[in-house]
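Here the structure comes first, spelled out in structure tokens, and everything after it is commentary.
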Amino acid sequence: GAERQDGLLPLWRRQDKVWLELSPSALGKPLFLSPKLSRGIGEAGVFGGLMHSRSAQVGRPQWVEFRKVQQQVQLLAINAAYTAREGSPQALAVAAGYSPSLLASASIASAPHPQSGAVLIEVNALMLGDVLGLAQHLQRQYRQSYALDPRHTVLLQARTEAQAAVFEVSQHFATSGISAGSTTPGMPGSSVPATVPDPRSLFVNVHYTLSPLPAQPMPRRPADPRVGYFSTSVIDFSDDLRRTPRERFINRWRLDKKDPAAAVSEPVQPIVFWLDPSIPEAYRATITEGVLEWNKAFEAIGLRNAIEVRTPPADPPFDTLETGRASIRWMTNAQAQFGAIGPSHVDPRSGEILDADIAIESLTVRGMRQLAAGLG
């Protein structure tokens with residue numbers, strides 16, 4: 001009685017039950033898990049709409065793979081920080097020396113399909129846990145005993161497309177009591193969130209996208225410390241004669257000329273930034289103009305119209321948090337934290353930028369406007 005939705009990872013639905021179909025070819029396939037917070041609490045780094053980078057304590061993007069172990073399917077974060085040339089003896093040593101991490105697991109809920117060999121697992125069992133470790137983050141921030149409340153944690157959305165599977169989860173975190181904190185001099189005290197009606201209870205919505213990593217990784221471009229690139233760092237044990245196994249390569253978009261022989265050419269695929277509906281209408285034209293100004297720099301190196309700015313369609317609903325849809329959004333945090341921030345998610349094998357979400361803070365813009373008015 002379940003209905004099937006075809007896509008990268010097919011889904012089956014029956015009433016409020018959702019299952020994920022995993023074929024033998026999906027097991028061990030390199031995928032990219034991009035987690036983002038679609039709703040936060042406005043403080044403590046739990047900001048709605050924020051994309052975290054690999055350096056973040058929570059919400060890290062990951063190279064992941066599904067692995068079948070007896071009657072369980074595990075979602076593993078692959079240890080991309082340590083590597084060696086595939087098929088080499090050094091690769092065997094790296095595999096023996098460094099562990100992946102378990103993000104989630106679910107019991108197999110069906111017999112293998114007689115033709116395809118595919119099995120089903122429940123999406124709730126896989127995605128409703130504290131995959132990002134937000135409970136520990138809240139405990140560190142407030143020194144309160146916050147924990148995930150499974151009874152009030154629910155799956156809000158599950159859909160699959162040709163190049164993505166998207167899940168959105170409403171997670172409830174709660175504590176049975178509020179600690180008054182330490183009274184010992186010099187010991188850190190506890191606090192509570194100031195932005196929720198009752199500090200014993202708060203909700204965080206987590207948006208997950210699973211998408212395929214590029215079939216052919218981009219060539220790495222070594223980073224030069226004299227130039228201010230964002231970069232990816234790995235320990236590559238392939239060459240035992242190098243002074244250090246550490247390798248740094250820059251994070252960059254995949255931009256190829258349509259006409260490689262031309263001095264100036266449009267790209268095969270431009271960089272597209274989507275204006276999130278959260279941006280006040282009065283600022284959208286100015287933001288668009290600012291983004292497109294970068295085309296002058298790209299044209300100087302031979303790429304015309306390398307960047308585009310688009311407005312999402314109203315119907316059907318357009319998900320700007322989905323991986324591969326770089327976006328610019330507006331954030332109303334309780335206190336000014338960063339003004340504007342532009343984190344990105346990259347292929348850990350090459351540094352290719354797969355997604356970026358620029359956030360502009362309301363309070364910082366307000367403060368800059370008031371400062372300018374006062375100086376005027």
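Couple of notes before you dig in:
- Per-residue accessible area (protein heavy atoms, 1.4 Å probe) orders Phe237, Phe273, Phe173 as Phe237, Phe273, Phe173, starting from the largest.
- Just so you know, the Rg over Rh for the range 199-341 is 1.03, from Cα atoms, with Rh as the Kirkwood radius.
- Computed over the chain, the Cα gyration tensor eigenvalues convert (square root of 5λ each) into semi-axes of 32, 32, 24 Å, ordered from largest to smallest.
- Using a probe of 1.4 Å, the accessible surface attributed to His113 totals some 90 Å² when neighbouring protein chains are kept in position.
- Given 11 as the ceiling on other Cβ atoms within 10 Å, longest exposed-site-free region of the chain for GluC sites (Glu not before Pro) in DSSP loops: 87-292
- Spacing of the modelled spin labels on Arg226 and Leu102, each 7 Å from Cα toward Cβ, amounts to 5.0 nm.
- For the range 1-117, the calculated P(r) over all alpha carbon pairs, in 10 Å bins from 0 to the bin holding the longest distance, is 11, 31, 32, 20, 5, 0 percent.
- Restricting the trypsin sites (Lys or Arg not before Pro) of the range 225-277 to loop positions (DSSP other than H, G, I, E, B) with no more than 16 neighbouring Cβ atoms within 10 Å leaves Arg226, Arg242, Arg243, Arg254, Lys258.
- When Val268, Val154 are compared by accessible area at a 1.4 angstrom probe, the order from most to least is Val268, Val154.
- In terms of overall dimensions, the range 263-376 has a Cα radius of gyration and Dmax of 16.1, 50 angstrom.
- Antiparallel %, DSSP beta bridges [both residues in the range 184-329], to 5: 50 percent
- Mean projection area, nm², convex hull over Cα of the range 107-188: 8.3 nm²
- FRET efficiency, 1/(1 + (r/R0)^6) with R0 51 Å, evaluated for Phe203 and Gln71 via beta carbons: 0.95
- Within the accessible area of the chain (1.4 Å probe), percent carbon and sulfur: 53 percent
- Förster radius 35 Å - calculated FRET efficiency between Ala180 and Arg151 (Cβ-Cβ, nearest 0.05): 0.80
- Amide H contacts under 5 Å for Ala164, placed H, 5+ residues apart: Leu8
- Cα coordinate range in the range 31-184, projected on the principal axes (Å, largest first): 59, 39, 28
- Mean projected area (nm²) of the alpha-carbon convex hull when the range 170-242 is viewed from all directions: 12.2 nm²
- Here the label points at Asp240 and Leu92, each 7 Å from Cα along the C-beta direction, are separated by 1.3 nm in the simple model.
- Using the Cβ of Gln335 as centre and a radius below 11 Å, the other residues enclosed give a net charge of -2, where K and R count +1 and D and E count -1.
- For the range 132-291, the spread of Cα coordinates along the three principal axes comes to 69, 51, 34 Å, biggest extent given first.
- Pairs of Cα atoms farther than 20 Å apart, the range 298-364, %: 48 percent
- Estimated Rh, the range 103-146: Kirkwood, alpha-carbon pairs, angstrom: 12.8 Å
- Å² per residue, accessible surface of the chain at 1.4 Å: 53 Å²
- At full extension, Arg304 and Ala162 could sit 48.2 nm farther apart than now, given 0.36 nm per residue minus the alpha carbon distance.
- The chain: most fluctuating residue of Gly117, Gly339, Gly324 per GNM, C-alpha cutoff 10 Å: Gly117
The values are calculated or read from the model by the stated rules, or taken from the named source; none is laboratory data. If you're wondering where the values come from, they're calculated on a predicted model, not measured in any experiment. Cβ: placed from backbone, ideal geometry, glycine included. Neighbour counts: every protein chain shown. Ligands, DNA and RNA are excluded from the accessible area calculation, which covers all protein heavy atoms including side chains. Shrake-Rupley method; radii C 1.70, N 1.55, O 1.52, S 1.80 Å.
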